[in-house]
Amino acid sequence: MLETVTQGFKNATDRLRGVRELTDASIDEALRDVRMSLLEADVDLAITRSFLARVKERSLGTKVETKARDRAGRLIRVTPGQHFIRICEEELTELMGPVDPALAKSAGLTSVLLAGLQGVGKTTIAAKLAVHLRKQGRKPLLVAADVYRPAAIDQLKTLGASIGVPVHAGAPLETPPSICAAAFARAKQEGFDAIIYDTAGRLAVDDDLMVELKQIMATMAPANKLLVCDALMGRDAVNVASAFAARIALDGVILTKLDGDARGGAALSMKSITGVPIKFVGTGETVDRLEEFRPEGLASRILGMGDIVGLVKDFEEVIDEKEAEADAERLLKGSFGLDDLLKQMRMIQKLGPLKDVFSKLPGIGQFADQVDEGELVKVESMIQSMTRKERERPRIIDKSRARRIAAGSGRKSSDVEQLVERFGQMQKLMGALGQQGGLLSRLGGGLPGGGGLPGGMPRGLPGGMPGMGPGGMPAGFDPSMLFGGPGRGGAPRKPQDAKAKKNKRKQQRDSRKKHRKK
């Protein structure tokens, strides 16, 4: 997601690594990479120039304190490069915000009208919004007000049935304003406290359909008028939003397919050009993949620092607080087994695609594209082929046991051995973090019972803690070991292993030859 912009900031950071002082020359050199990435991402030229000017002014005009104390009282060093990144993070957040994701109420209802072009995913977004509102304890009603697109009403009914939300559809030849009015009356009568109007796709220059949309708005007075845009359209999405904003009063934008957008022009330019904030982003096809837009979270992910707050919010929806605290305690003592790992894997799968989850982790977000979803299936099959004792104490798995487990799971013995070795490394890593003060406090706290965010890591200053490497992970830690699979952190092989095995085979052949001669 937004790889083009992320790469530009990464290149800029690399240029400033080792720089002891921010000067005109060093800042200009770093901003050259940022400028190219923003323009390649289809960000407006005027916005790009304004952003770069603010970053440069603040970078050169602010005194940098090279030593500071974090919230835990530890003394950390702040480099000029980290100072530059913090300024970029704040300016990116300012560029995309501020945003209030809360949906307004009117006449006792949380009413939402969805508008936009054809094919941008309004009907799917209507269902996603219904799921979002229901998570908040609301009782939503979906309204099929698109009478022009074939099967639009049937699509909404199918989605409504799949999520257990009623759909109001009008009679044949009934007009959209009339359908919306009848739905509003039904919502009042049957006790619904949220209503979502799914209107037909239209162009801002189509006067007849725009007049119809204005009639719906005048009759229903929806509290939230949201435009649905496709992030993959880039600058065109911003142009569409500008055209609609010129015709009707919009309250916000929902940006779909953001997870597939490598450029990011729409996300970065929308608020600045149109004055309309992004309220929600769609990051997947399933009906639960809708996120409240957090400018600070996206800015942090663009800069490769993850989004621990967003990740914590995701976790809070799928975990039990007391169980999570007990699991975390075992994790940090290094005393968890493969059953615990399997449980954690299944919980992570509930959060959505693994690439999205890893992209929010500080320090390893850049490895998200290397994540192989199939690895979880392989690992699960191997763990399920183990005995209870083997799951509790994986170190007892020798070559004989590995062959039996591999046969039962349809894998190779080497796969089982690599899993056991990776798991042993992870146990050591977690135990070391626990001794140094705890993983939760280092990666942001904020988990249920974790004491808020962040526990000692200044925003925008990754790797500032004693013994910690880039991104706040332990020095010398190879993030790829978390992904598993060939070439992705499988059991580490020492360079001399292959040579040693070759010499051993040669010795065995020589020994057999001598034996035959005798």
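Annotation: extensible slack from GLN189 through ASP206 equals 2.6 nm (criterion: 0.36 nm per residue apart, minus Cα-Cα distance).
On the basis of the beta-carbon distance and an R0 of 45 Å, SER106 and SER413 show a calculated FRET efficiency of 0.10.
Neighbours of LYS257 by Cβ distance under 10 Å: Lys/Arg scored +1, Asp/Glu scored -1, total -4. Between ARG138 and MET345, the modelled labels are 3.8 nm apart [label points 7 Å from Cα along Cα→Cβ]. Between LYS399 and ILE248, the distance separating the two model label sites (each 7 Å from Cα on the Cα→Cβ line) works out to 7.1 nm. With no solvent and one equal point scatterer placed on each C-alpha of the stretch 379-427, evaluate the Debye formula and give log10 I(q)/I(0) for q = 0.15, 0.17, 0.23 Å⁻¹, two decimals. So the normalised log intensities are -0.30, -0.38, -0.73.
A simple spin-label model places pseudo-atoms 7 Å from Cα toward Cβ; at LEU60 and ARG388 they are separated by 7.0 nm.
Return the FRET efficiency for the residue pair VAL377, ASP154: r is the Cβ-Cβ distance, R0 is 35 Å, and the value is rounded to the nearest 0.05. Numbers along the way, then the final one.
Numbers: r = 34 Å, r/R0 = 0.98.
So the FRET efficiency works out to roughly 0.55.
Residues with beta-carbon under 13 Å from that of GLY97, excluding GLY97: net charge, scoring Lys, Arg +1 and Asp, Glu -1?
Numbers: positive: LYS271, LYS279, ARG294; negative: GLU89, GLU90, GLU91, GLU94, ASP100, GLU292, GLU296.
After counting each charged neighbour, the total is -4.
Residues whose amide H comes within less than 5 Å of that of HIS168, counting only those at least five positions distant or on another chain, are LEU142, VAL143, ALA144 (H built at 1.01 Å from N in the peptide plane). Between beta-carbons, use under 14 Å as the cut-off and find the net charge around ARG395, counting Lys and Arg +1, Asp and Glu -1. Result for the local shell: +2.
In this structure, the residue pairs whose Cα-Cα separation is over 23 Å, taken from LYS10/LYS279; LYS128/LYS378; LYS343/LYS389; LYS56/LYS279, are LYS10/LYS279; LYS128/LYS378; LYS56/LYS279.
Stretching SER178 away from VAL19 to a fully extended chain increases their span by 50.7 nm, per 0.36 nm per residue minus the current alpha-carbon distance. Between GLN118 and LEU45, residue separation times 0.36 nm minus the direct Cα-Cα distance comes to 23.5 nm. Residues in the stretch 25-31 carry Karplus couplings, in order, of 5, 5, 5, 4, 5, 5, 6 Hz; the curve used is 6.51 cos²θ - 1.76 cosθ + 1.60 with θ = phi - 60°, and Gly or Pro positions show x.
Report the FRET efficiency, 1/(1 + (r/R0)^6), for ASN11 and LYS428, where r is their Cβ-Cβ distance and R0 is 35 Å, rounded to 0.05. Please report the intermediate quantities before stating the final value.
Working: r = 34 Å, r/R0 = 0.97.
My answer for the efficiency is 0.55.
Since every read-out is calculated from the coordinates, none of them should be taken as a lab result. Predicted model, so just to flag it, every value in this text is computed and none were measured. Ideal geometry is used to build each Cβ from the backbone, glycine not excepted, and the neighbour counts take in all protein chains shown.
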